[in-house]
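A.B. asks: Shown below is the structure under consideration.
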């Protein structure tokens, strides 16, 4: 065969290969381009159910010794995660049934440190408190922020800063730093969340000064809020910062403001267990083990959450009333 026909064959193969590029790859290229134009680096996440690149740790004997007998008896740590959310916290994998994400990975580190097998239960946000109180769950790892009301019923071991973000459609020109900036806006928020409490407090401040309060629209998951944002039904959405950062890197939204989940105080995201069971001490010990061996830092980096790392886990940190 002459060189010219061979070159032609190679060119034809290249064209065919390009033509076979999947729609998912094309969509990803478009997202990368959108992220590049916005000056952010796209976060590439593992959405497979197998999670082959999950970070692991070994058992910590001293932490395992703190596990209450009723939890240790079956060798399983039953953990609730809200799995209907958006990456990177807790979401459904490609099989549309396995819950994966950074919160599952943190729970996995805790279970491994305690020498227990992890059993993840997909729960709704509204469901997790009653599931803990009813004994269906032993712990919750699902971006739960510590606040005064929750401290009356649950014990906490912190593992991340609690930061919330206002997101808007790209080019919105919104900038939100305080109550005066939400006057007259329509804002999406989850019911029973710290975000809702913040917005209600801000509205009260606005009304006390004669301002127009924001209209709150309630959504059960971030995906629905994102669709409402893209369709123009809402002006902004207040939700977890990790979700917002991920969506911003994909070019779908822009972050127009942030606020600590404990506003006007500082609060943290924590592993949550029923108060008085003693399990929180084991969880703290397990987290400390993951902090010490580097698996905690690697896990946050894997999901693009290094900016929310804390120096050490703390049990029941002080919060404002």
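A.B. asks: So for 206, 89, fewest C-beta neighbours within 10 Å to most, what's the order?
C.D. replies: The order, fewest Cβ neighbours first, is 206, 89.
A.B. asks: Now a separate question. Highest GNM mean-square fluctuation, the chain, Cα pairs closer than 10 Å: which of 152, 288, 220?
C.D. replies: Result: 152 has the largest fluctuation of those listed.
A.B. asks: Moving to a separate point now. Would you mind getting me the FRET efficiency between residue 292 and residue 220? Use the beta-carbon distance for r and R0 = 35 Å, nearest 0.05.
C.D. replies: 0.40
A.B. asks: Under the 0.36 nm per residue contour assumption, what length would be gained going from the current alpha-carbon distance of residue 130 and residue 61 to full extension? Please list the in-between numbers first.
C.D. replies: Details: separation 69, 0.36 × 69 = 24.84 nm, distance 3.10 nm.
Working it through step by step, the gained length comes to 21.7 nm.
A.B. asks: In vacuum, with every alpha carbon of segment 53-99 counted as one equal point scatterer, what does the Debye formula give for log10 I(q)/I(0) at q = 0.16, 0.20, 0.31 Å⁻¹? Two decimals, please.
C.D. replies: Each listed q maps to, in turn, -0.69, -0.87, -1.11.
A.B. asks: If I build a Gaussian network model for the chain, linking alpha-carbon pairs within less than 10 angstrom, which residue out of 112, 103, 173 has the largest mean-square fluctuation?
C.D. replies: With Cα springs under 10 Å in the chain, the top fluctuation among 112, 103, 173 is at 173.
A.B. asks: Would you kindly state how much longer the chain becomes between residue 209 and residue 301 on full extension, computed as 0.36 nm times their sequence separation minus their alpha carbon distance, in nm to one decimal?
C.D. replies: 28.8 nm
A.B. asks: How would you rank 174, 238, going from fewest to most other Cβ atoms within 10 Å of each one's own Cβ? Could the numbers behind the result be given before it?
C.D. replies: Values: 174 17, 238 28.
Lowest count first: 174, 238.
A.B. asks: Then there's this: For segment 209-321, what log10 I(q)/I(0) values come out of the Debye formula at q = 0.16, 0.23 1/Å, with one point per alpha carbon and no solvent?
C.D. replies: Taken in order of the listed q values, log10 I(q)/I(0) reads -0.98, -1.32.
A.B. asks: Now, a different point. Please report 289, 53 as a ranked list, fewest other C-beta atoms within 10 angstrom at the top and most at the bottom.
C.D. replies: On the way: 289 25, 53 9.
Listed from fewest to most nearby Cβ atoms, that is 53, 289.
A.B. asks: Hey, another quick one. State, to one decimal in nm, how far the label point of residue 316 lies from the label point of residue 45, with both points 7 Å from Cα in the Cβ direction.
C.D. replies: Modelled inter-label distance: 3.3 nm.
A.B. asks: Limiting things to C-alpha atoms, what are the Rg and the maximum Cα-Cα separation (Dmax) for segment 164-260, in angstroms?
C.D. replies: 12.3, 39
A.B. asks: Counting only helical runs of four or more DSSP H residues, what would the 222 nm mean residue ellipticity of the chain come to if each run contributes -39,500 (n - 2.57) and the total is spread over all its residues? Working shown, then result.
C.D. replies: Details: 12 runs with 119 residues, N = 321.
After summing the helix terms and dividing by residue count, I get -11000 deg cm²/dmol.
A.B. asks: At 7 Å along the Cα-to-beta-carbon direction for both residue 151 and residue 230, put a label point, then send me their distance in nm to one decimal.
C.D. replies: Between residue 151 and residue 230, the simple spin-label model gives 4.1 nm.
A.B. asks: What is the antiparallel percent of DSSP beta bridges lying wholly in the chain, to the nearest 5? Walk me through the numbers on the way to the answer.
C.D. replies: Values: 22 of 36 bridges.
Percentage antiparallel, nearest 5: 60.
Since every read-out is calculated from the coordinates, none of them should be taken as a lab result. Every value quoted in this text rests on a predicted model; they were computed, and no experiment measured them. Backbone-built Cβ (ideal geometry, glycine too); neighbour counts: all protein chains shown.
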